[in-house]
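What follows is calculated from the coordinates using simple rules that are stated; it is not laboratory data. Here the structure is a predicted model, which is why all the values come from computation and not from measurement. Cβ: placed from backbone, ideal geometry, glycine included. Neighbour counts: every protein chain shown.
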Amino acid sequence: MNWPAIGSIYSHEMMRFFRTLMQSFLSPVISTSLYFVVFGAAIGSRIDEVEGVSYGAFIVPGLIMLSVITQAISNGSFGIFFPKFTGTIYELLSAPINFFEIVIGFVGAAATKALFIGIVILGTSFLFVDLTIQHPAAMMAFMVMTGVSFALFGFIIGIWAKNFEQLQLVPLLIVTPLIFLGGSFYSISMLPPFWQTIALLNPVVYLISGFRWAFFGMADVPIAASLLAIAAFMAICLGVVWWIFRTGWRIRS
């Protein structure tokens, strides 16, 4: 394993993040505060509790997942797209470093950024609600697996995209609606039976449900199903990344 090469890619990506640290820090804090004002105050005044948990606390796992997923995709996709756009990716491909090490560097940095944002939002939530995490180790495990999986997904999008418009297409038109419809701000048990069945077709439901279980010990789907869903998604993304580097699809052309 070429650790110096991995470290170079990782540190380069992280330096780009730290150059805009205040923006990276303030933006999620402000966004989270607004969500608490709009959802926690406005809607929370009409919904006291959801399955024994105050509504303000109930939406915290959804807010964290929303930010971790979107940040992981954004950083993962831009991290590999920019070298493609500038042509410097050929320097990586000709260097004595294999594809697995390239993926570790870029995806590791993207996942780290997403986890940082998730922790910032978790800390911000304590300013608004009383929050107790029943399974902190499981909470961190879910956050790490989600960050890595969606950073891999973003990496795939970055390789697929031919321009900046395509880079935003999948996150805006597919991923964001799935997150908002995946039980981020409500329990799917609140839906009519027909829509509960439809909601279970949304893979994000399983991620948010498992993450919420780590906080409150309650879930819309069995915890085993949540773990299986995130493991399967990670495996699929790894398989696609392997195929991309094996064939050189949209990298060497």
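Packing-based ranking of 231-244, 107-120, 209-222 yields 107-120, 209-222, 231-244, ordered from highest to lowest mean Cβ neighbour count within 10 Å. Here the simple spin-label model places points 7 Å from the Cα toward Cβ, and for Ser33 and Ser94 these points are separated by 5.0 nm.
Ranking Leu92, Ser125, Ser184 by Cα position along the charge dipole of the chain, where only Lys, Arg, Asp and Glu carry charges on their C-beta atoms, puts Leu92 farthest toward the positive end. Here the Karplus relation 6.51 cos²θ - 1.76 cosθ + 1.60, evaluated at θ = phi - 60°, turns the backbone of region 69-77 into coupling constants of 5, 5, 5, 5, 5, 4, 5, x, 6 Hz, with x for every Gly and Pro. Helix 203-216 axis versus longest C-alpha principal axis of the chain: approximately 60°, rounded to the nearest ten. Sorted on the mean count of surrounding Cβ atoms within 10 Å across their residues, most packed first, peptides 72-79, 170-177, 5-12 read 72-79, 5-12, 170-177. For the chain, the longest principal axis of the Cα atoms and the long axis of helix 223-247 meet at an angle of about 20 degrees. Axis angle, to the nearest 10 degrees, between helix 3-18 and the longest C-alpha principal axis of the chain: 50 degrees.
Distance between the 7 Å Cα→Cβ label points at Lys162 and Glu51: 4.5 nm.
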